[in-house]
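All remarks here apply to the structure that follows.
The values are calculated or read from the model by the stated rules, or taken from the named source; none is laboratory data. None of the values given here were measured: they were computed from a predicted structure. Cβ sites come from the backbone with ideal geometry, for glycine too, and all protein chains shown count toward neighbours.
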């Protein structure tokens, strides 16, 4: 405000968003919620726009990006005047329902906008809505025809149109009546212009109440430059000040208003002694500060200067994510506003992480490079050797990639898997034994040995997988029926029975070969069974699986094998409390058959030998498997790996001269073993 003594000119500067609701805004921007970010679903937003009387509204859509639909029946922007639809829009530029570059003109000083979205927008979408500007367009009242109602023309002599109103003047020799002398409602929307008080540079008329409004595009700010010839007489009575939004200045001059809308109020009383004032105004485009760079990211569009409605986008380098206020965001854009501020501050780019690598059962992971599972970190999987090895025997390395997944160094997405190492105990039995009843097994030399307790009776078995025990069918049947799980206990991991029985392992299911049929103990054909455990075994030095035979495995006569168990020892038939073993050669099949044929002549209850069986032992006797060893392993070695050649099945007397132990030939049952384990 400029005050010289008691006459005054009141100067008001107001940004569009700050004008009170009772005052019309002559130029403004309207945009959809969250613009320029994607708009939300289930929205109904209405704008009631109005300007001063004497003006029309010109609406221009500067940007339209609304989800397209037939007839715009889903998301849409509707423009109405007095409940009449002037247009409904959706889609994008050059689409069917886009208004193009032609502005929409109202029929009066009011207009309504309605923006609505439905719930289909709840899906992830990137439509950002609309942005529009409107401004007041002056109506030339002086061009209107005589209304014909007897009221006569607006002015009796000379009608001069002014922004938002009109001014009446008189021809020479006439005087304008005081009630027609007005300078109110003047609105200037050009980007530069000149204003002055009525009669300037002559004296201002008395009884003035003038209001001037400069309202330009919000992207610009107004600068006022008063001339030096500024005079408001000090003898005038002080007028009423309507609104002042600028601080007081001791004298007029150059004023940067920092606003796109400026209001000036000028009043005089009945003296008419002031010479008035004159000013030129100009505008310049609002600038936003250059935001700088984003570490590990890229800002586009890079300009030397940013003006109102300029956009920037930020993307992160590969392997980095956008973060703002501690939250990850999918995309970022900011807009330079008419107040010279950005809609949002710059985000940060943080390195992504893939989370903890997937744990490897019976193995672990080692970091080769990188930090805290971050992008480009490399890890390598390893198994708990010597009890497990990687499937395929290859080293698996995984890299944390930009998609936040650990990717294998192999061409395909593979998973590292640790498989048990079979038939390779950490301790070995080095020499053949010549002790009649066998020898005590050192710790960790026969780690696949299992002790079974079937309703208190001992039997043997062997570990072949982390949840599977192989044994003889006859130890799991009573009177032709499979024994219940509840009376079967499984023990493993130690060589002393008394210690072993402290940690039983429980059974989930029992699977006897479907063709085993031996109700009278005279038919041991297909004498093989599998036991599935409730919980998997974690292999260690004292518990490891024995290998299964390879396809086409051969049993070479004379080849030394190893029989082990907790059964009867020597001819005293005393149950041992320590794991015993004995080494026996494979017997030629015809030799074994002849021995059994000879025994059949003495006893009727001797079973028959089939091709699913083989014999082992020495003709002089003294070394054999015996009762309590049934179901236990007979193993052979090949290339440093121990494999299950046979299962202790039956025999004619234990260790007698001319008799041999009979074993189930495991190689004949590979298909059934694998099928049973896969299906159960």
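Assorted remarks:
- Single condition residue 558 does not satisfy, out of (1) in a loop (DSSP other than H, G, I, E, B); (2) in contact with a strand residue (DSSP E or B) (Cβ under 6 Å, 6 or more places away or on another chain); (3) on the phi < 0 side of the Ramachandran plot: (3)
- Qualifying residue in the stretch 278-292 (condition: surrounded by fewer than 18 Cβ atoms within 10 Å (Cβ to Cβ) and within 25 Å of the chain's Cα centre (by Cα)): no
- Remark: residue 397 falls outside the filter, which requires a residue to be in contact (Cβ under 8 Å) with a residue 24 or more places away in the chain, within 23 Å of the chain's Cα centre (by Cα) and farther than 30 Å from residue 583 by Cα.
- Going through (1) crowded, with 19+ Cβ neighbours inside 10 Å; (2) at pLDDT 85 or above one by one, residue 230 falls short only on (2).
- Condition check for residue 653: surrounded by fewer than 21 Cβ atoms within 10 Å (Cβ to Cβ), within 30 Å of residue 575 (Cβ to Cβ) and free of Cβ contacts under 8 Å to residues at least 40 places away in the same chain: yes
Table: residues versus (1) out of contact with any helix residue (DSSP H, G or I) (no Cβ under 7 Å at 6 or more places or on another chain); (2) under 26 Å from residue 521 (Cβ atoms).
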{"position": "544", "(1), (2)": "yes, no"}
{"position": "549", "(1), (2)": "no, no"}
{"position": "552", "(1), (2)": "yes, no"}
{"position": "555", "(1), (2)": "yes, yes"}
{"position": "566", "(1), (2)": "no, yes"}
{"position": "583", "(1), (2)": "yes, no"}
{"position": "587", "(1), (2)": "yes, yes"}
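- Filtered residue count, the stretch 81-132, keeping only those that are surrounded by fewer than 18 Cβ atoms within 10 Å (Cβ to Cβ), assigned to a loop (DSSP other than H, G, I, E, B) and either at pLDDT 90 or above or more than 41 Å from the chain's Cα centre (by Cα) (or both): 6
- The lone exception for residue 355 - which of (1) assigned to a loop (DSSP other than H, G, I, E, B); (2) within 18 Å of residue 300 (Cβ to Cβ) it fails: (2)
- Residue count for the stretch 62-88 satisfying the condition of being in contact with a helix residue (DSSP H, G or I) (Cβ under 9 Å, 6 or more places away or on another chain) and without any contact (Cβ under 8 Å) to a residue 40 or more places away in the chain: 3.
- Scanning the stretch 55-71 for residues being surrounded by 20 or more Cβ atoms within 10 Å (Cβ to Cβ) and in contact with a strand residue (DSSP E or B) (Cβ under 6 Å, 6 or more places away or on another chain) gives a total of 5.
- Of the strands (runs of 3 or more DSSP E) lying entirely inside the stretch 420-514, those containing at least 2 residues that are under 50 Å from the mean Cα position of the chain (by Cα), farther than 20 Å from residue 648 by Cα and in contact (Cβ under 8 Å) with a residue 24 or more places away in the chain are 507-512.
- For the condition closer than 23 Å to residue 610 by Cα, in contact with a helix residue (DSSP H, G or I) (Cβ under 7 Å, 6 or more places away or on another chain) and at pLDDT below 95, residue 523 does not qualify.
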